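The structure appears right after this line, and notes come after that.
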Amino acid sequence: MTGYDAVVYDLDGTVVHLDVDWSIVERDVRRVYEDAAIDPPGNGLWDMLEAADDHGVVDPVEDAIASHERAGARRSHRLPRADELLDRSVPVGVCSLNCEDACRIALSEHDLAEGVETVVGRDTVGTQKPHPEPLLEAVRALDAAPDRVLFVGDSATDERTADRAGVDFEYVGDGRAE
């Protein structure tokens with residue numbers, strides 16, 4: 001990992017493990033749609049989030065997801081790669097599909113916030129991973145060029161995001177998680 005001007009990490013599954021039961025989150029988001037008399041679209045939580053704006057329920061859907069993420073961040077478990085955040089000689093950022101507030105809570109809970117110069121969550125910019133813009137926003141905030149940055153993550157989505165942003169990528173642990 002030497003030779004980079006900055007390193008950006010995914011959060012959940014890479015630096016910490018958020019204690020979130022995603023099936024309960026999906027149930028709560030489905031309830032938001034049902035309360036609005038809308039048939040829930042797609043095949044799961046992220047499809048419902050993606051379609052929320054089209055159905056006029058983006059705020060309650062985001063609130064339902066984010067409340068679980070914030071609570072899960074408070075109960076999160078620190079993962080081995082977290083130690084790297086504090087030992088870096090280059091600027092460090094976080095780019096996550098989790099809401100920015102949950103990222104900041106988790107970093108604070110594990111005394112990692114001081115090692116992170118920027119946090120870009122799902123709600124920080126107008127798009128989310130695997131769109132490259134969230135990662136590029138983190139790269140810009142670190143005052144680095146994409147081709148001089150490493151993105152560390154745990155999923156195929158993270159890898160696609162890095163590829164689309166022109167950023168080198170490294171899997172944490174044994175590699176790809178979905």
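For the pair the range 50-84 and the range 119-148, the centres of their Cα atoms are 17 angstrom apart.
Summary of packing: across the peptides 132-143, 33-44, the per-residue average of other C-beta atoms within 10 Å ranks them, highest first, as 132-143, 33-44. Hey, of (1) 9, 37, 38, 14, 2; (2) 9, 29, 29, 16, 7, 5, 4, 2, 0; (3) 10, 38, 35, 14, 3, 0, which did the structure itself give for P(r) over Cα pairs in 10 Å bins from 0, in percent when calculated? Working out P(r) over Cα pairs in 10 Å bins from 0, in percent from the coordinates points to (3).
Just so you know, all these numbers are worked out from the coordinates, no wet-lab data involved. No experiment lies behind these values; they were computed from the predicted model shown. Please note: Cβ atoms are built from the backbone with ideal geometry, for glycine as well, and neighbour counts cover all protein chains shown.
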